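One structure is given below, encoded as structure tokens.
The values are calculated or read from the model by the stated rules, or taken from the named source; none is laboratory data. All of these numbers come straight from a predicted model, not from anything done at the bench. Every residue, glycine as well, gets a Cβ built from its backbone with ideal geometry; the counts of neighbours run over all protein chains shown.
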Amino acid sequence: MAAANAPSYPPLEDRPIKNTICLFDVDGTLTPARQGASAEMLAALAALRQKVAIGFVGGSDLRKQEEQLGAPAGRPVAALFDYCFSENGLTAYKLGAELPSNSFIRWLGEEPYQDLVNWVLRYVADLRLPLKRGTFVEFRNGMVNISPVGRNASTDERNQYEAYDKVHKIRETMVAEMRERFAHLGLTFSIGGQISFDVFPEGWDKRYCLRHLEAEAEKPGGVRYETVHFFGDKTEPGGNDWEIYTDPRVTGHAVRSPDDTLRLLKELFDI
Ligand code: M1P
């Protein structure tokens, strides 16, 4: 049951600024990295939602977005946004109702996945490094994360590995071999952090959520979003907002911080 004081919003098809949606990255755009949203940001989003459809698109899972957005508001995150796109949209909600989900294993299939993971384990077994710990393959809903040193490495061990990797190019070499060996699978290999790299299907970056919006237009009475604004802080090449920011279907906005997002929203939507 909706909370007694829950605000109400015009139906999506009756928002004053028609056929328009604002999509937001979470960390560094709506909230400081890994922290909660401010009261000012939550109020701005509520005001914006009176005018246009709003959604977030984040790489983390819904639990994390509940912590960063839902908890500070004291309401479920799915009540704060028209569209919630967790894991870039592999898990998605519209007006609190779940949209079709997807997963890496469903997309790839068990046989090709085992070919990949067996190859990785053999490759890692033959590596001699200054240190090795455990969990060389982490199976996630939308990707597999591979770490030559192992995800159990402590902070010190991470730092040691990272320095070694910079000189000896362990991940770069492994990724180059995997790109060649598994070229037929249509995968993206991304070295983002300190000790690992992510492997996921081509196009399963933040652009993935756009397919949900395109599906909306095909539904009876569904809205066709002709203007899709995206706000993100990692919009440089290599950043995880870059692909959606530069997508021709999207009007991209690069922000430096949540305060910068607020400034831009005032400027663009007079809220
Ligand atoms: O956000 C960048 C990366 O952060 C972690 O990488 P690592 O453990 O190597 O520092 C992982 O969560 C990885 O998936 C992610 O891309």
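A few points about this structure:
- Residue-level analysis places F81 among those that are out of contact with any helix residue (DSSP H, G or I) (no Cβ under 6 Å at 6 or more places or on another chain), under 30 Å from L42 (Cα atoms), modelled with pLDDT of 95 or more and buried (at least 20 other Cβ atoms within 10 Å of the Cβ).
- Residue within region 239-259 that is within 16 Å of the ligand (Cβ to nearest atom), in a loop (DSSP other than H, G, I, E, B) and surrounded by fewer than 17 Cβ atoms within 10 Å (Cβ to Cβ) present: yes
- Restricting region 213-234 to residues that are within 15 Å of the chain's Cα centre (by Cα) and modelled with pLDDT of 95 or more, the residue that is surrounded by the fewest Cβ atoms within 10 Å (Cβ to Cβ) is D233.
- There is at least one residue in region 152-175 that is on the phi < 0 side of the Ramachandran plot, more than 15 Å from the ligand (Cβ to nearest atom) and surrounded by 12 or more Cβ atoms within 10 Å (Cβ to Cβ).
- Against the list (1) within 16 Å of the ligand (Cβ to nearest atom); (2) crowded, with 19+ Cβ neighbours inside 10 Å; (3) modelled with pLDDT of 95 or more; (4) not in a strand (DSSP E or B), the condition L210 fails is (1).
- Options A97, A53; residue that is under 27 Å from K219 (Cα atoms) and without any contact (Cβ under 8 Å) to a residue 24 or more places away in the chain: A97
- Residue within region 60-71 that is crowded, with 16+ Cβ neighbours inside 10 Å and either among the aromatic types (F, W, Y) or in a loop (DSSP other than H, G, I, E, B) (or both) present: no
- When R181 is tested against (1) within 11 Å of the ligand (Cβ to nearest atom); (2) surrounded by fewer than 17 Cβ atoms within 10 Å (Cβ to Cβ), only condition (1) is not met.
- Subset of region 125-141 [over 20 Å from R158 (Cβ atoms) and away from the ligand (no atom under 15 Å from the Cβ)]: A125, D126
- For region 72-87, filtering for residues that are farther than 16 Å from L99 by Cα and part of a helix (DSSP H, G or I) leaves 3.
- Criterion applied to V199, V223 was being of a type in the set (V, I, T), in contact (Cβ under 8 Å) with a residue 40 or more places away in the chain and within 16 Å of the ligand (Cβ to nearest atom), and the one residue passing it is V199.
- Cβ-Cβ contacts under 7 Å between residues 6 or more apart (or on different chains), taken from a first residue in region 131-146 that is in contact (Cβ under 8 Å) with a residue 60 or more places away in the chain to a second residue that is surrounded by fewer than 18 Cβ atoms within 10 Å (Cβ to Cβ), are listed as N141/S103; G142/S103.
Residue-wise test of (1) assigned to a strand (DSSP E or B); (2) surrounded by fewer than 20 Cβ atoms within 10 Å (Cβ to Cβ).
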| position | (1), (2) |
| --- | --- |
| C22 | yes, no |
| R34 | no, yes |
| E40 | no, yes |
| A44 | no, no |
| F56 | yes, no |
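- Qualifying residue in region 113-124 (condition: more than 16 Å from the ligand (Cβ to nearest atom) and assigned to a strand (DSSP E or B)): no
- Between E13, E87, the distinction of being within 16 Å of the ligand (Cβ to nearest atom) and touching a residue at least 40 places away in the same chain (Cβ under 8 Å) belongs to E87 only.
- Hey, L108 under 14 Å from the mean Cα position of the chain (by Cα), at pLDDT 95 or above, closer than 27 Å to T246 by Cα and buried (at least 19 other Cβ atoms within 10 Å of the Cβ) or not: no
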